[in-house]
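A quick write-up on the structure given underneath.
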Amino acid sequence: MNVLPIGEARFGTTAPVVIAGGGGTGLTAALAARAAGADVVVLERHPVPLGNTSMSSGLIPGPGSALQKAAGVEDSPERMYEDIMALTAGQADPVVTRVCAEQGAPTLEWLANTFGLPLEFAPNWEALGHSRSRLHRIPGGAGDDLMRHLATVAERSGVTILTDAHATHLFAHADGHVAGARFVRPDGTREDVACRALVLATSGFGGNIDMVRRYMPEIAEAVYYGWEHNRGDAVVWGRALGAAVRHMDAYQGFPALADPHRISLHFEGIVAGGIQVNALGERFYDEADSPSPAGLQVLRQPGRVAYVIYGQAQYDVAMTRKRTKVADELGAIKHAASIDELAAKLGLPAPPLRAAIEETEHLGARGEADRFGRRFARDQRMRPPFHGIRVVAAYYHTQGGLVVDADARVLGENGVPLPNLYAGGGAACGISGPGCRGYLPGNGLLTALVLGRLAGQSAARQAT
């Protein structure tokens, strides 16, 4: 049993706020709780705080931010809310979607202004469901850089981060009030810590193949490219306490995990005019559409593989990102002076590959859409030298989870908040609606940081 009665606890220490999980959600919650005057203990099972955030692209939406305005982009939280609702056919949680859209920019600016998080505006992202360019990132970095910064400022702020501390059980009163948590050290030592409020930040269940097969069978044969310790603990604990769950079939898929190198390619090169072909050298979908359902497209191709193809302009864009550079350094990207040479290096038939590349040229020149509905701009022409990467489909994180309100309080099946339980990030139901279609780039980090901040603030209010 994962939730134990209070009588079984042997509390050796007490903290007003305990946070289970030291990823992006957990550390943001910790910073918010400390800023509100509460002492915090974070329980992180890994030797270093990383989690799914460390494996992300590091892109975070912030509609209406000062950086976005300085770039001359007109946007608003309301417009982002409408984008999400349009992509999810109105099925995303309207309360959480609205609060995330409204608090995206304030949360980023809070992290930047209060804790020195370096941020830059990511241009040319008016695509993949975003009607405006609104994504932000750490300059030149990705999710691992974001995690290093959060961990550093959390420690400086007085947050107690216990690493190698695997939270295994919660203790609760009969009314569902959480009294504390048990964690286990690598040597098997058990310790119990009491709390007044508890934040669930253990992310989703992508690393639990049994849960994946149960809730998301369509993607179960893809590669899981997420934090291995995401086993659905928050859902299990929450359900035992009477919490509601929603959209358990929701996830972020991805069509471009370098194979066999297992490096996630940033999508900017495709947005800039790159294409994907299958093992027959043929394009098979609109690559500029949402990358999440595109994972299923790749999974259905011969051999379950595909190839990302760049001209020089697209390659130059792609190489502005850290992980694509790493993929290139490791030899994942093949380079060629001609289409025929590239086809030979990738093991693809040259005629269909040539036809696919030349088609983008003709479409861009005429301003016409292809059979999938994609349009190529004139400045997106694919010119030699050419570059290609063998890729497979992946799923990165689950998007379903515990139902929360605008204060990140976990709700029971009757819609009433549980006494002192909060959740954010992958532990909570996200803003992508059901399935994989509604995921916009940055949705995962948006709910991690915004709901993390709200959970920390709410928990601190209750605890103090």
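Quick notes on this structure:
- Cβ-based net charge around residue 364, under 10 Å, with every Lys or Arg adding one and every Asp or Glu removing one: 0
- Carbon and sulfur %, accessible surface of the range 377-464 computed with the full protein complex present, 1.4 Å: 49 percent
- C-alpha long axis of helix 94-115 to longest principal axis of the chain, angle in °: 90 degrees
- For the chain, a Kirkwood radius taken over Cα pairs fed into Stokes-Einstein (10 °C, viscosity 1.306 mPa s) yields D = 71 µm²/s.
- Amide H contacts of residue 251 (H built 1.01 Å from N, under 5 Å, at least 5 apart or other chain): 399, 435, 436
- Among the GluC sites (Glu not before Pro) found in the range 67-111, those both in a DSSP coil and sparsely packed, with 13 or fewer other Cβ atoms within 10 Å of their Cβ, are 74.
- Taking a sphere under 14 Å around the Cβ of residue 397 and counting the other residues whose Cβ falls inside, with K and R at +1 and D and E at -1, yields a net charge of -1.
- Candidate cross-link partners of residue 345 among the lysines, defined by an alpha-carbon separation under 26 Å and a same-chain spacing of 8 or more, comprise 322, 325, 334.
- Accessible surface of the range 142-189, 1.4 Å probe, proportion on carbon and sulfur as whole %: 47 percent
- Within-15-Å neighbourhood charge of residue 126 [Cβ basis; K, R +1; D, E -1]: -2
- In order along the range 441-450, the phi-based Karplus estimate (6.51 cos²θ - 1.76 cosθ + 1.60, θ = phi - 60°) of 3J(HN,Hα) comes to x, x, 4, x, 5, 4, 5, 5, 7, 5 Hz; Gly and Pro are listed as x.
- Spatially, the range 2-51 and the range 192-233 are offset by 18 Å when compared through their Cα centroids.
- Computed with a 1.4 Å probe over protein heavy atoms only, the accessible surface of the range 403-456 comes to 21 Å² per residue.
- Peptides 116-126, 174-184, 414-424 ranked from most to least packed give 414-424, 174-184, 116-126, packing being the mean of other C-beta atoms within 10 angstrom over each peptide's residues.
- Less than 5 angstrom separates the built amide H of residue 423 from those of 200, 410, all sequence-distant by 5 or more or on a different chain.
- Amide hydrogen neighbours beyond the local backbone of residue 4, cut-off 5 Å, H modeled: 170, 171, 172
- From most to least packed by mean Cβ count within 10 Å, the peptides 257-270, 195-208, 356-369 give 195-208, 257-270, 356-369.
- 3J(HN,Hα) couplings calculated from phi for the range 345-354 with the Karplus curve 6.51 cos²θ - 1.76 cosθ + 1.60 (θ = phi - 60°) are, in sequence order, 5, 8, x, 10, x, 5, x, x, 5, 4 Hz; Gly and Pro show x.
- For the range 334-464, the Cα gyration tensor yields ellipsoid semi-axes of 49, 16, 13 Å (square root of five times each eigenvalue, largest first, whole Å).
- Mean residue ellipticity, 222 nm, helices only, the chain: the sum of -39500 (n - 2.57) across DSSP H runs of n ≥ 4, divided by residue count and rounded to 500, is -10000 deg cm²/dmol.
- Bridge type composition, the chain - antiparallel percent by DSSP, nearest 5: 65 percent
The values are calculated or read from the model by the stated rules, or taken from the named source; none is laboratory data. Worth saying up front: this structure is predicted, and the values here are computed from it rather than measured. Here Cβ is always computed from backbone atoms with ideal geometry, including for glycine, and neighbour counts include all displayed protein chains. The area values use the complete protein model at the heavy-atom level, side chains included, leaving out ligands, DNA and RNA. Shrake-Rupley method; radii C 1.70, N 1.55, O 1.52, S 1.80 Å.
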